1. Could you please let me know if residue A:229 is in contact with a helix residue (DSSP H, G or I) (Cβ under 8 Å, 6 or more places away or on another chain), within 14 Å of chain B (Cβ to nearest Cβ), in a helix (DSSP H, G or I) and touching a residue at least 60 places away in the same chain (Cβ under 8 Å)?
2. Suppose we filter A:195, A:188, A:215 for residues that are touching a strand residue (DSSP E or B) at 6+ places or on another chain (Cβ under 8 Å) and touching a residue at least 40 places away in the same chain (Cβ under 8 Å); which single one remains?
3. Residues to consider are B:209, B:169; find the one that is in contact (Cβ under 8 Å) with a residue 40 or more places away in the chain and in contact with a strand residue (DSSP E or B) (Cβ under 8 Å, 6 or more places away or on another chain).
4. Among the residues of region A:155-196, write down those that are touching a helix residue (DSSP H, G or I) at 6+ places or on another chain (Cβ under 7 Å) and within 14 Å of another protein chain (Cβ to nearest Cβ).
5. Does region A:232-258 hold any residues that are assigned to a helix (DSSP H, G or I) and more than 16 Å from residue A:145 (Cβ to Cβ), and which are they?
6. Quick one: which helices (runs of 4 or more DSSP H) sit completely within region B:141-235 and have at least 1 residues that are farther than 22 Å from residue A:42 by Cβ and within 12 Å of chain A (Cβ to nearest Cβ)?
7. For region A:2-63, give me every one of the helices (runs of 4 or more DSSP H) that falls completely inside it and has 1 or more residues that are at pLDDT 85 or above and closer than 26 Å to residue B:240 by Cα.
8. Condition first: away from chain B (no Cβ under 14 Å), surrounded by fewer than 19 Cβ atoms within 10 Å (Cβ to Cβ) and under 30 Å from residue B:217 (Cβ atoms). Can you find one or more residues in region A:197-207 that meet it?
């Protein structure tokens, strides 16, 4: 994994304020452009000026009730998945880590499916789905965290293995439910397995934004410590980093973020994996730049993927998770091999 | 048991004779035995009971719930994933299921074991009627089957007579909220057409399209038929979000059974759908359906 060679192999090894501003500024401009394009296009052609001026117009209803919340949720979920993915990769010092591999996503999806499936039989509201998903994501995280410890210390490899096993377990429970419900509900369950950004309410956006903001802020605050941890556990400890506390913090912050996002969007794969690696390949592994850059790029990437999902067979739709995997995988391989099989470095 | 008894009695006549005798006698006993039918889909189960072959049904699929007496029968998987061991153990004389590309392997497995297999379709009114006729013929209930089809046609004619001269509203029929899955084609699409309505999800080339909400708002259906998963308040608040000032559809729930069950009750389903879309055209009794 060539962790040691990573820093020196980059053209610009040192992070300066000017470089941060340049990179993040450019990414912010791109994200803004992507958001505008995504808001301007959809299954139905609308007149944006009329939508803004006339609240009684169908254009207004389409923009405000369907398109805008969806684009915003896409940006939010993409930002969360990419930021949390970058932090988790530093935590377990493994380039394959993301919310999916640690079981957080599958737990959230399983929790969200329960009220959706049983609302009709038990008389509980479908609106409980995100809450149930979030609670189960936290419970699962707690278990993975407990079981990932070796002699009282969080062991990255054990954590990854336990996470992968939990991911399989929660996914199996989802498939079990899928086999017990009637045929008309199975497509709804499949949608949670691949991920979908359909029809969020502004309340849901707010509920995801709060843990996302809190978790990201905590991670940015500890970006320097993340650098040391990604490099070597021992040197981080020698330099005065509370390694155990840091690991706990990363795990809690990322779980809260991913749990909130997945309980409204389902298991959208690849974003948490691809985006951080692209940023590392292009701008290096320094978390002070990596985390905000992953946030901006993740948001843009998912909004573009969802735009394709919305337009490809309009007015019918594709699940966005299919698009992220279809576009993301070949593009990632291309970038990885372009400069002659460079190591995937943390 | 018969085979075993045969080989004991005729053992001294030589193995060849014994085998021939055993095979013929057991085959005769098999042919004479009471029919044992396994049904692999809700629609085929309903048809079997409607044509009068119900007493011969020994097992049904996991999804079967109508008529009520099928709830007591053993379950042997679904038409997509039949439990081959359980089915073989029941020694069925006939297995009735649905033709589907997704269950080809399971069907081939059952056929290879020597079971007689009958595959039908339930994705259009014509296919359902054909399935009723064919299942009736295969189980020796031709007249009852013809009567069931005649009854469906009469129910359709009655509904159409009531609707004559009414304008067709734009309608959306959904079976799921997250994602929004609508009725595009299939037998339900045909029922929407017969119920004198314009289905906004028709013509997309999919029987169950996953529909864009933007499209729903732009098409502004006058009536939304919702499968009512969850309580009334959740249903109303879900659609309220998209009515945003202008577009205020009448949202009505439909009973999942019989509406989502293709089979002999499609005439009844049509009457329910038509009454929900055109309540003014139907007797007050139908208003209770909401």
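1. Numbers: in contact with a helix residue (DSSP H, G or I) (Cβ under 8 Å, 6 or more places away or on another chain): yes; within 14 Å of chain B (Cβ to nearest Cβ): no; in a helix (DSSP H, G or I): yes; touching a residue at least 60 places away in the same chain (Cβ under 8 Å): yes.
In short, no.
2. Working: A:195 fails: touching a strand residue (DSSP E or B) at 6+ places or on another chain (Cβ under 8 Å); A:215 fails: touching a strand residue (DSSP E or B) at 6+ places or on another chain (Cβ under 8 Å).
Going through A:195, A:188, A:215 in turn, just one is touching a strand residue (DSSP E or B) at 6+ places or on another chain (Cβ under 8 Å) and touching a residue at least 40 places away in the same chain (Cβ under 8 Å): A:188.
3. Criteria check complete, one pass: B:169.
4. If we filter region A:155-196 for residues that are touching a helix residue (DSSP H, G or I) at 6+ places or on another chain (Cβ under 7 Å), which is where we start, we get A:156, A:159-160, A:162-163, A:166-167, A:170-171, A:173-174, A:177-178, A:181, A:185-186, A:188-189, A:192-196.
Residues satisfying the conditions are A:177, A:178, A:181, A:185, A:186, A:188, A:189, A:192, A:193, A:194, A:195, A:196.
5. Restricting attention to region A:232-258, the residues satisfying the condition of being assigned to a helix (DSSP H, G or I) are A:233-238, A:243-258.
Matches in region A:232-258: A:233, A:234, A:235, A:236, A:237, A:238.
6. On the way: elements: B:142-163, B:186-194, B:213-219.
Of the helices (runs of 4 or more DSSP H) lying wholly inside region B:141-235, those with at least 1 residues that are farther than 22 Å from residue A:42 by Cβ and within 12 Å of chain A (Cβ to nearest Cβ) span B:186-194.
7. Working: elements: A:3-6, A:17-40, A:48-53, A:58-61.
Of the helices (runs of 4 or more DSSP H) lying wholly inside region A:2-63, those with at least 1 residues that are at pLDDT 85 or above and closer than 26 Å to residue B:240 by Cα span A:17-40, A:48-53, A:58-61.
8. First, the residues of region A:197-207 that are away from chain B (no Cβ under 14 Å): A:206-207.
Subset that is surrounded by fewer than 19 Cβ atoms within 10 Å (Cβ to Cβ): A:206-207.
Now drop any that are not under 30 Å from residue B:217 (Cβ atoms), which leaves A:206-207.
Yes.
The values are calculated or read from the model by the stated rules, or taken from the named source; none is laboratory data. Owing to the predicted nature of the structure, the values given are computational and were not obtained by experimental measurement. With ideal geometry, Cβ positions are generated from the backbone for all residues, glycine too; neighbour counts draw on all protein chains shown.
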